[in-house]
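Reading through the structure tokens given below for one structure.
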Amino acid sequence: QVQLVESGGGLVQAGGSLRLSCAASGRTVSRYSMGWFRQAPGKERELVSTISRSGMLTDYADSVKGRFTISRDNAKNTVYLQMNSLKPEDTALYYCAAAGSGWARSMVEYTDWGQGTQVTVSS
């Protein structure tokens, strides 16, 4: 099992940027496919982006394509989510998660979760 801690959330105006980080401990993150998810109040948790174990493959929800970029630094045991051109509808609690496969692209594959970091985008 890997422990995950998210950071970097906060309050930002629409059009602004934030960079989320997900620091892993317990096991090396290079063993895992990683993903970012979010959950807004009253809504179901949704997949935002995934990255393969190698970092060569990525995937994004249509709502964030062209604005968000996922990356990983296996040497630092950390995964990132760069969020640009933020919109009020991006407001949510953002989670990172780990999956044991080479590239997990569905939420059900993710078994280890962080506690989340809040992102609030004001209009």
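The values are calculated or read from the model by the stated rules, or taken from the named source; none is laboratory data. If you're wondering where the values come from, they're calculated on a predicted model, not measured in any experiment. Using ideal geometry, Cβ is built from the backbone for each residue, glycine included, and neighbour counts are taken over all protein chains shown. With ligands, DNA and RNA removed, areas are computed over all heavy atoms of the protein, side chains included. Shrake-Rupley method; radii C 1.70, N 1.55, O 1.52, S 1.80 Å.
Quick rundown of the values:
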read-out	value
Percentage relative contact order, the chain, counting C-alpha pairs under 8 Å, at least six apart	36 percent
Accessible solvent surface per residue of the chain, calculated while the other protein chains remain in place, 1.4 angstrom probe, Å²	49 Å²
Cα→Cβ-extended label distance, 7 Å offset, between SER122 and GLN1, nm	3.9 nm
Computed lengthening from ASP62 to SER106, 0.36 nm per intervening residue step minus Cα-Cα distance	14.4 nm
Set of the range 89-118 residues, backbone N closer than 13 Å to the point 7 Å along the Cα-Cβ line of ARG27	98-102, 110-113
Apportionment of accessible area to carbon and sulfur, the chain, percent (1.4 Å)	48 percent
